[in-house]
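For reference, the structure is listed below as structure tokens.
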Amino acid sequence: MRAHLPRARWLWPLLVVALVAAGTLGWFLLRGAASEAVAAKYAPLVRTLQFSARVATLSRVEVGSTVTARVDQVLVREGEQVRTDQPLVKLESEELQAALAQAVATEKQAEATLTAARAELERTEALVAQGFLSASRRDDAQRAVDVARAQRQAGIAAISAARARLTQMVITAPAPARVLSRHVEPGQIVQPGKALLGLALSGPTQIVAQVDERFLEQLRVGQKAAVMADAFAGQRLAATIISIAPEVDAQRGAVEVKFSLDQPPPAFLREDMTLSAEVETARRDRALVLPARGLRTGATGEAMLVAEGRRAVERPVRTGLRTLDAVEVVSGVREGELVLLSPTLKPGARVRTQLVEWQPSRSPQGRGAGGNADPVSGITEAMGR
């Protein structure tokens, strides 16, 4: 009997440890698993698309000379705004001016000859009527008048031709435009067919973007947008979608979208300048907004886990507007209820909620490298802006 006492003495500590462990395990089981939770609340929800765009030139023309000549003056610089018929380039024209002066002198001589021939015809007709001259003399006088008239007309035509050639020596703007490029300098010999200046004809400024076809369903004509140049980040320009191309570029998987500015373009805007565009594609002024990661697949479709007391209860939900990480819950969750975010939590499990502050992020998707990369498109969202 005494031999068994030491063994019993060791059993008591083991029993105490087992009881403590069982109590601790029971406490943890009753306490429940920890899970982040967000309180459902109403707030504005905005969905936007972000992508790169560029300033489009409605019409670009190149002007040049129609004759071979030496350049006398270049009257404009790159970037300068010009008006219709404003001189751009002057070619040397001394020889043509001399030819015009000679043509004018020839025409004056022909005019004098015609005047004298008409006077002679009048005298001849009077003498023929009186019987002093024969009718053949009147015919000769008439032929002299006809010849003089033809010479005068030839002189007038020569003047017109000389003036037309002189006009070609001044290259003018065909319409209001901005000078984009200049390829000529004074003293240079120019020939027909060679472009001397590149012009962008004035017109309504348009913004053109190549948008990934995945986002085509979100875009509509008339949607408002904001555009911004990287070099002038503090100046956002309001714009509106005016057209969406009816076909998709198969090689790039993109669709062309055009915008018009809602106000006169600022001076810093340049043709082909790269811009960042943001289009508001959907808005809810008041929506029950929750994190999209709280959604799960339930027995009948989409569902969320809601904390009821210390239990996680699965609720079927109906959703509306979605963004990258936010979702509008139309039904299934009420304002103020705690939505559980733990992906491993099971319906019916005991839960210990950890309330967190949450708002949608603004992390664009599809941003690519610059240069000749594929069209860059993205989707962002904001709540409560």
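The values are calculated or read from the model by the stated rules, or taken from the named source; none is laboratory data. Since the structure is predicted, the reported quantities are computational estimates derived from the model, not experimental observations. Here Cβ is always computed from backbone atoms with ideal geometry, including for glycine, and neighbour counts include all displayed protein chains.
Numbers below:
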item: Odd one out for Leu199 among (1) within 24 Å of Gln73 (Cα to Cα); (2) exposed (fewer than 15 other Cβ atoms within 10 Å of the Cβ); result: (2)
item: Members of segment 36-60 found to be closer than 30 Å to Val89 by Cα and either modelled with pLDDT of 85 or more or in a helix (DSSP H, G or I) (or both), listed by number; result: Val55
item: Verdict on Asp72 being at pLDDT 60 or above, assigned to a loop (DSSP other than H, G, I, E, B) and not hydroxyl-bearing (Ser, Thr, Tyr); result: no
item: Pair list, Cβ < 9 Å and 6+ apart or interchain, from segment 262-280 residues that are among the hydroxyl-bearing types (Ser, Thr, Tyr) to residues that are assigned to a loop (DSSP other than H, G, I, E, B); result: Thr274/Gly370; Ser276/Ala233
item: Filter result for the condition that a residue is more than 15 Å from Asp72 (Cβ to Cβ), part of a loop (DSSP other than H, G, I, E, B) and small (Gly, Ala, Ser), over Ala158, Ala175, Ala164; result: Ala175
item: Close pairs (9 angstrom Cβ cut-off, 6 or more residues apart or separate chains): without any contact (Cβ under 8 Å) to a residue 24 or more places away in the chain and outside the structural domain of Glu271 (by TED's automatic domain parsing) in segment 175-201, outside any strand (DSSP E or B) and not hydrophobic (A, V, I, L, M, F, W, C) anywhere; result: His183/Lys194
item: Residue match in segment 22-35 (condition: modelled with pLDDT of 85 or more and buried (at least 17 other Cβ atoms within 10 Å of the Cβ)); result: yes
item: Unique match (being surrounded by 15 or more Cβ atoms within 10 Å (Cβ to Cβ), modelled with pLDDT of 85 or more and under 44 Å from the mean Cα position of the chain (by Cα)) among Ala349, Ala312, Ala326; result: Ala326
item: Yes/no for Arg143 being modelled with pLDDT of 85 or more, more than 30 Å from Ser202 (Cβ to Cβ) and not assigned by TED's automatic domain parsing to the domain that holds Pro186; result: yes
item: Check on Ala382, out of contact with any Phe, Trp or Tyr (no Cβ under 8 Å at 6 or more places or on another chain), assigned to a strand (DSSP E or B), surrounded by 15 or more Cβ atoms within 10 Å (Cβ to Cβ) and at pLDDT below 90; result: yes
item: Among the residues listed as Val221, Val184, Val248, Val179, the single one being surrounded by 12 or more Cβ atoms within 10 Å (Cβ to Cβ) and more than 30 Å from Arg70 (Cβ to Cβ); result: Val248
